[in-house]
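The values are calculated or read from the model by the stated rules, or taken from the named source; none is laboratory data. As the structure is a prediction and not an experimental result, all values here were calculated from the model. Reconstructed Cβ throughout: ideal geometry from the backbone, glycine too, with neighbour counts over all protein chains shown. All accessible areas refer to the heavy atoms of the entire protein, side chains included, with ligands and DNA or RNA removed. Shrake-Rupley method; radii C 1.70, N 1.55, O 1.52, S 1.80 Å.
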Amino acid sequence: MSVLVPNPGGRSADELVNVGRRPPARQPGESDPRPLLDVTMPTDRLRGWLVTIAITIVSGLVRLWDLGHATNEGTPVFDEKHYVPQAWQMLRNGGYEDNPGYELVAHPPVGKQLIAAGEWLLGYNPWGWRIMAALSGTLMVLLIVRIARRMTRSTLLGAIAGVLLICDGLSHVQSRVGMLDIFQAMFLLAAFGCLLVDRDQVRSRMWQVCVDGRLDASKWGPRLGFRWWRFGAGLMLGLACGVKWNGIYYIMAFGLLSVIWDALARRAAGVRYPWRAALVRDTAPALWSLVSIPLLVYFATWAGWFASETATDRHATLVSEDVGFGFLPDPLRSLLYYQLNVLDFHTHLVTPKNPHPWESKPWAWPMGMRPMLYYYESVVTGCGRASCVEATMLIGTPAMWWLALPVAGWAVWRATSRMDWRYAAVLVGYGAGYLPWFTNLDRQMYYFYATPLAPFLVLGIVLVLGEVLGTARDHFERRQTGLLAVALYVGLVVANFVWLWPILNGEPITQEHWQAELWLPSWR
């Protein structure tokens, strides 16, 4: 039976050798499997799931609260105006859009299909076009509780991660609008969670190989069999690309991360040439699961388009002589022609001389220096005054987002000097969603593009809080002081979220309150 060793601070595999397991007796010359071991998962499985479910329910109540409020006289707000009617058109047509005259179809179909599912359930109204986003944001809270618990081996820190994501203003607002980014963030977080489980299973299999004395059967180490969780990660990445194309950066980042984890597992097991072994044994399966599967899933998301006769550019080969790709079947040629048109749209979506008033560049995103105003109405009632204000503003909770750069710096130091794989994984997830935007700074950009960064920011903060909390080896007084500091910080985040609540949800407030909510000149 495993022994539960409290480890809220988290430690590296080398520090956690043989915690909760008894290694077999090792003969001279045999490999030592102990460095493969991270601490075992907490044994409070029932409590862990009860905590997860409770926090998820709270998240659902918060995300769904007055979901249909804040509309432009009953019509969509901001970029909802693009995706909501496109989703309704998909629902009418059977899964595809057919507006060739307009042809502003800038993204793949998955996110709009999810919006359409909500419209099918609840009708063409604010609840209908926002319900799936709210459910996706709620599911992200469930995922991050389980992911943080697995990374830290602490149910407490998993719960804190859930609370922090609930209280993130950016995630909250994006969970309450009929836009695409929350769907992509959900699929990317799910893919990351799948890879974490895969990592643990790989190390467990390597451990068993060492215990059985089969490590030296090949100089490359053992084959690891079919890896269902990595396959699941590929499915999620394919769906993420089916929402927005920038999911491809996560395919590259997560694929590289997975192979590096495999090489480190082989090295910890005692394989003589771990990096070459990973290249021989693990690279091809990784390419299949994390490149081929996402590509197949991506094309599968266009099934409605392929099955149609009137979808946008469905028969481009019949109406244009400039399609190209003559070696491919006509349906694929037409789809690639369509995709190139979309690529051309994004390539030329550059900042004009008079940029959008709420545009922001990526250097402003880590600290949320330039939020977005989605909805504003200056003549309403309900605040106890004759004239009130309603506004919905996309703001990352400052108590979290203003720590992004210090947390990133600490993560780099831990990942490089202490070889802490958890911080490295968070940096990979954060960097894959952030750094590519610097490749074309002339492009029109907005703060909601940072939506996939939020869960990785939360995970980074939680890892730091784990170190503040301390480890099982620390003195009782040290642990209690750490617990006090963590509790105060979480309370600060919750209080900050509560303060921002009126402008995250479009509640009626006075002009004075509205001005008090705008902390920085760049928020105006």
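Label zone of Ala364 (point 7 Å out along Cα→Cβ, amide N under 17 Å): in the range 490-524 this covers 518-524. In a DSSP loop and with at most 14 other Cβ atoms within 10 Å, there are no GluC sites (Glu not before Pro) in the range 377-472. Angle of helix 155-166 to the longest C-alpha principal axis of the chain, folded into 0 to 90 degrees and rounded to 10: 10°. Each other residue within a Cβ distance under 14 Å of Ala450 adds +1 if Lys or Arg and -1 if Asp or Glu, for a net charge of 0.
The simple Förster model, with R0 at 25 Å and r as the Cβ-Cβ distance, assigns Val412 and Val280 a FRET efficiency of 0.20. Annotation: average projected area of the range 193-351 is 12.4 square nanometres, based on the convex hull of Cα atoms across all directions.
Which whole-angstrom value gives the distance between the alpha carbon centres of the range 291-321 and the range 400-461? One Cα centre to the other: 34 Å.
Normalised by the number of residues in the range 224-369, the mean separation of alpha-carbon contacts (under 8 Å, six or more apart) gives a relative contact order of 21 percent.
Distance between the modelled labels on Thr347 and Tyr273, one decimal in nanometres: 4.2 nm (7 Å Cα→Cβ projection). In terms of accessible area, using a 1.4 Å probe and ignoring ligands and nucleic acids, Phe497, Phe231, Phe476 rank largest first as Phe476, Phe231, Phe497. Relative protection proxy for 419-425, 68-74, 469-475, from highest mean packing down: 419-425, 469-475, 68-74 (other beta-carbon atoms within 10 angstrom). Based on Cα contacts under 8 Å between residues 6+ apart, the chain shows a relative contact order of 19 percent.
Of the residues Pro294, Ala316, Leu256, the one whose Cα sits farthest toward the positive end of the charge dipole of the range 218-317, with +1 on the Cβ of Lys and Arg and -1 on the Cβ of Asp and Glu, is Leu256. State the cysteines of the chain left without a partner when partners are defined as other cysteines whose beta carbon lies under 4.7 Å away. Unpaired cysteines in the chain: Cys167, Cys194, Cys210, Cys241. Peptides 364-372, 46-54 ordered by packing proxy, namely the average of other Cβ atoms within 10 Å per residue, highest first: 364-372, 46-54. Extension gain for Trp288-Ala487 works out to 67.2 nm (0.36 nm per residue, less the C-alpha to C-alpha distance).
With K and R counted +1 and D and E -1, the other residues having a Cβ less than 10 Å from that of Ile509 yield a net charge of -3. The Cα center of the range 194-228 and the Cα center of the range 473-503 differ in position by 39 Å. Between Phe325 and Val58, full extension at 0.36 nm per residue minus the direct alpha carbon distance yields a gain of 91.0 nm.
The angle between the Cα long axis of helix 330-347 and the longest principal axis of the Cα atoms of the chain comes to about 80 degrees, rounded to the nearest 10. What FRET efficiency would be calculated for the residue pair Phe306, Val379, taking the C-beta separation as r and a Förster radius of 51 Å, to the nearest 0.05? Once the sixth-power term is evaluated, E becomes 0.55. For the chain, the longest principal axis of the C-alpha atoms and the axis of helix 228-241 are separated by about 20°. Each Cα pair under 8 Å and six or more residues apart adds its separation to the average, and for the range 117-257 the resulting relative contact order is 22 percent. Our summary of shape: the Cα atoms of the range 483-524 have principal axis extents of 39, 22, 14 Å, ordered from largest down, in whole angstrom. Taking the three principal axes of the alpha carbon atoms in the chain, the coordinate ranges are 78, 66, 42 Å, sorted in descending order. Note on Trp402/Leu122: beta-carbon distance plugged into 1/(1 + (r/R0)^6) with R0 of 30 Å gives a FRET efficiency of 0.20.
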